[in-house]
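A short worksheet on the structure shown next.
The values are calculated or read from the model by the stated rules, or taken from the named source; none is laboratory data. Bear in mind that the values here come from a model prediction, so they are computed numbers and not experimental data. FYI the Cβ positions are ideal-geometry reconstructions off the backbone, even for glycines, and counts take in every protein chain you see.
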């Protein structure tokens with residue numbers, strides 16, 4: 001499995017018990033964790049599968065996980081702060097104007113007034129409001145992902161159509 005075939009699930013943030021359980025902080029909304037049997041961990045740049053013994057929700061955005069071969073605090077310490085992934089094929093399909101951030105990278109961004117703005121380079125979701133970074137070939141334009149601005153997502157044509165307020169971009 002390659003990282004290109006996966007999406008970022010979250011990060012292991014702490015140990016939960018002396019028996020090797022860990023807490024994983026989720027970075028994704030649409031996950032049915034009850035069906036997960038394996039999670040991929042980024043171990044020194046290599047995606048490594050870890051089988052799950054048990055998994056349950058812990059508070060609102062944490063999963064409490066017991067992996068098959070992690071049975072001590074020492075073993076759990078070795079995977080702390082590790083990024084975790086799941087295969088993209090395991091994501092449920094979204095319809096309408098709902099989408100996954102990784103899905104829209106390289107989509108063409110259109111505005112009803114300005115026309116073609118450029119292609120989505122990345123989505124920055126580390127801010128209070130997610131922002132798409134659009135490259136027009138010369139410059140980068142940052143557009144807040146606001147439901148009221150997004151008119152249509154066309155997966156076949158790989159386009160996002162917005163009705164952006166005047167002055168939001170300097171194009």
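The residue of the stretch 79-104 that is farthest from the chain's Cα centre (by Cα), among those that are part of a helix (DSSP H, G or I) and within 17 Å of residue 161 (Cβ to Cβ), is 104. Considered as a group, the residues in the stretch 7-24 that are in a strand (DSSP E or B) and touching a helix residue (DSSP H, G or I) at 6+ places or on another chain (Cβ under 6 Å) include one that is surrounded by the most Cβ atoms within 10 Å (Cβ to Cβ), and that residue is 22. Of the residues examined, residue 109 is not one that is touching a helix residue (DSSP H, G or I) at 6+ places or on another chain (Cβ under 7 Å) and either over 18 Å from residue 11 (Cβ atoms) or surrounded by fewer than 14 Cβ atoms within 10 Å (Cβ to Cβ) (or both).
When the stretch 25-54 is limited to residues that are part of a strand (DSSP E or B), closer than 25 Å to residue 98 by Cβ and in contact with a helix residue (DSSP H, G or I) (Cβ under 9 Å, 6 or more places away or on another chain), the one that is modelled with the lowest pLDDT turns out to be 26. Summed over the stretch 55-75, residues that are outside any strand (DSSP E or B) and touching a helix residue (DSSP H, G or I) at 6+ places or on another chain (Cβ under 9 Å) total 2.
Highlighted here are the strands (runs of 3 or more DSSP E) found entirely within the stretch 117-171 that include at least 2 residues which are under 17 Å from residue 94 (Cβ atoms): 150-154, 159-162.
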